[in-house]
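The values are calculated or read from the model by the stated rules, or taken from the named source; none is laboratory data. These numbers were taken from a predicted model, which means no experiment stands behind them. Using ideal geometry, Cβ is built from the backbone for each residue, glycine included, and neighbour counts are taken over all protein chains shown. Ligands, DNA and RNA are excluded from the accessible area calculation, which covers all protein heavy atoms including side chains. Shrake-Rupley method; radii C 1.70, N 1.55, O 1.52, S 1.80 Å.
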Amino acid sequence: MISIADLAMQYGKKTLFEKSSITFDPGKSYGLVGANGSGKSTLLRLITGEEKPYSGTISVPRDLKVGVLQQDHFQFEKKRVIDVVLLGRPVLSDAIFEKEKLLEKENFDNKTGHRLGQLEEIIAEEDGYVAEPFAAELLSGLGIEERYHTGPMSALSGGFKLRVLLAQLLFQQPDILLLDEPTNHLDIVSIHWLEKFLCSQFEGTLIFISHDRKFLNAVAGYIVDIDYEELRLYTGNYEQFLEAKVLAETQKLKEIKSFERKTAELQSFVDRFRAKATKARQAQSRVKQLDKMDVPEVKRSSRISPDLSFVQSRPSGRTVLTVKNLSKRFEDTEVLKNISFEIQRGEKVAIIGPNGIGKSTLLKIILDQLAAEEGTFEWGYEAHTSYFAQDHHEQLRGKISAYDWLYATAPQEPIGAIRGLLGRVLFSGDEALKQVSALSGGESARLLFARIMLEKRNILVLDEPTNHMDLEGVAALGDALKAFEGTVLVVSHYRHFVSKVATHILELSPDGVRDFPGSYDEYLEKFGEDHLNRDQPLSTTISETTSPEPAPSELSYDKRKKMQREISKLKKQATRYESLVEETEQKISAIDEKFSIEDFFQQTSSNEVQKLQIEKSELNDQLSKNIRQWETSTQSLESLEAHFETKI
């Protein structure tokens, strides 16, 4: 259990939250939501101890293992991909790697034999004989094909390397899992798999940040809202949180209006009758009432939309871009094949398709950042581009403030214009003096859009622009792009955003490109292939994570032992979840018995009744989760036992 008491955090004069207390319970999943810069990532760093609070305490039991996603994949470049995943559990991986090294020796002495025996015990205790299949399952689920599992990390692109690090974190099986925007580098299929894994297989406490509404609704059992300079806990998923928050804010407004009306009435009475002797006593009484009334505290919400607006200094020619027979390979992998299309002035073009198909590569080729093996492209008359890169952190490094960075891109602009533009993207006052290297993902995105607004070019090339933006920012960006009179090329996996903006769809596939002149909804109506909807059946897109079964005679002694250990582990899991189901049902039954007592509700305080109702609701949520986990364990056990019986 993580316990936070009277927590306060501020940077300079900006307060993120104050006097906030909250408890994160074992086995529950919490989604952190709030505007960009409200303190979501800061809260995760406070929990890990990477940062210290301004005041208050954060208590994390020492015996609990906290898992955080690493970002430095460069240290693993020469290691096998599957070995990088195994490093998530150092005790196990050290034993496995040492054993492999000892087995390479031609001659064994007694000391080596004794050490091998010790290593076998460590590996068995750490469930090491099912570790590699589990690691392979994680990699395949996250979209990394089996042929890459035994190859070096250097063979993967940056986005897929981050997936390997996510697999490493999941393999670690920590007691507390902290995830900051885990879906940013995943495609729709991988996001769907991650949702299922976190809901059905992860047993610890999950605290995560996401701007993906579907992911929040699928995974979160509770929402922690960072707003009004406080942390507030809501039961339920994101949609339920929105309903509850609207109700709370409506009630708050009613309280404020009631207070204002009552104070106005009292003040009016005082003003009218204070000078009259016959009413002086009543007027004085009203004055005392006014003095005693507590003014409702009104804090400003941190949820503010940026004011985005893109204009072009002059329009381009009618034909903006012509691409003919474009192809690109990376070593043995062909990512673009015979791509041809044409874009006209004013079109909003969405480039869609599965991850790894070459969407970002295509953008880099037409921007002359990569060379194609075959084919040509040609920009039209007076075509001028602004580019928003998916990985834009390289542009925002160094000890320079947001103001100085933006001013350096347009030194001819008046200081007032730069300040005004920063205010429009929510960098007001001292916010503009923040170091660019310290900006959150959403703040970085808003600063880059400020630069694009300054450039006033007629073609915007945007690669996953919504990845780090909050929901208010995404809505503002969609409105701005829709109103833009120039041309837009955008890669995005956010369906609502694409549906709102796009007037032309380019669907990339292994066979080439499907060029559709219409909106995304019209594309769906004609083709019915929703690349941005992860609720589709996944049978055609998720690859099998296990290799073909060997013939019965090929099952070795080692494999039989591995299967026996896995069966034993699954039996323990199934028994544990069955006990949890029974225990939870008994607790629910005890509450129901109290509710059935005659005159219970008349004799019990409303606070106590509400407390029991909340407890019952939480127990029902836990019961549903335990039943799902018990069913999953039982089904896996039955399947593995049946498979084992056919092989002995």
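A few remarks follow.
- Condition check for GLU485: of a type in the set (D, E, K, R), part of a loop (DSSP other than H, G, I, E, B) and either under 25 Å from ILE209 (Cα atoms) or more than 23 Å from the chain's Cα centre (by Cα) (or both): yes
- Considering the conditions (1) modelled with pLDDT of 95 or more; (2) touching a helix residue (DSSP H, G or I) at 6+ places or on another chain (Cβ under 8 Å); (3) farther than 17 Å from ILE452 by Cβ; (4) not β-branched (Val, Ile, Thr), LYS348 is excluded by exactly one of them, (3).
- Count of residues meeting criterion [of a type in the set (D, E, K, R) and at pLDDT 90 or above] in region 211-229: 1
- For first residues located in region 609-621 and without any contact (Cβ under 8 Å) to a residue 12 or more places away in the chain, partners that are open to solvent by 80 Å² or more (accessible area, probe 1.4 Å) and assigned to a helix (DSSP H, G or I) and lie 6+ apart or on another chain with Cβ distances below 8 Å form the pairs VAL609/PHE601.
- Filter result (of a type in the set (Val, Ile, Thr), out of contact with any helix residue (DSSP H, G or I) (no Cβ under 7 Å at 6 or more places or on another chain) and surrounded by 13 or more Cβ atoms within 10 Å (Cβ to Cβ)) within region 592-616: THR604
- Out of VAL60, VAL68, sole residue that is of a type in the set (A, V, I, L, M) and open to solvent by 50 Å² or more (accessible area, probe 1.4 Å): VAL68
- The sole residue among LEU186, LEU169, LEU206, LEU178 that is assigned to a strand (DSSP E or B) and within 22 Å of LEU86 (Cβ to Cβ) is LEU178.
- The numbered conditions (1) of a type outside the set (Gly, Ala, Ser); (2) touching a helix residue (DSSP H, G or I) at 6+ places or on another chain (Cβ under 6 Å); (3) open to solvent by 40 Å² or more (accessible area, probe 1.4 Å); (4) at pLDDT 90 or above are all true for VAL84 except (3).
- Filter result for the condition that a residue is of a type in the set (Asp, Glu) and modelled with pLDDT of 70 or more, over GLU249, GLU255, GLU297, GLU334: GLU334
- Extreme residue, nearest to ASP127 (Cα to Cα), among residues of region 576-591 that are open to solvent by 60 Å² or more (accessible area, probe 1.4 Å) and at pLDDT below 80: ARG576
- Test result for PHE160, assigned to a strand (DSSP E or B), under 23 Å from GLY441 (Cα atoms) and under 18 Å from the mean Cα position of the chain (by Cα): no
- Whichever residue in region 413-450 is closer than 20 Å to LEU43 by Cα and among the hydroxyl-bearing types (Ser, Thr, Tyr) and, among such residues, is nearest to the chain's Cα centre (by Cα): SER440
- Selection of region 508-524 for residues being open to solvent by 40 Å² or more (accessible area, probe 1.4 Å) and either basic (Lys, Arg) or at positive phi (or both) yields only ARG514.
- Here is the figure for region 488-504: residues that are touching a Ser or Thr at 6+ places or on another chain (Cβ under 8 Å) and not in a loop (DSSP other than H, G, I, E, B) total 4.
- Count of region 9-40 residues which are more than 18 Å from the chain's Cα centre (by Cα) and either modelled with pLDDT under 90 or surrounded by 22 or more Cβ atoms within 10 Å (Cβ to Cβ) (or both): 12
Yes or no, residue by residue, for (1) small (Gly, Ala, Ser); (2) open to solvent by 10 Å² or more (accessible area, probe 1.4 Å); (3) farther than 29 Å from LYS99 by Cα; (4) touching a His at 6+ places or on another chain (Cβ under 7 Å):
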{"residue": "LEU142", "(1), (2), (3), (4)": "no, no, no, no"}
{"residue": "ARG163", "(1), (2), (3), (4)": "no, no, no, yes"}
{"residue": "GLN173", "(1), (2), (3), (4)": "no, yes, no, no"}
{"residue": "HIS185", "(1), (2), (3), (4)": "no, yes, yes, no"}
{"residue": "LYS196", "(1), (2), (3), (4)": "no, yes, yes, no"}
{"residue": "GLU203", "(1), (2), (3), (4)": "no, yes, yes, no"}
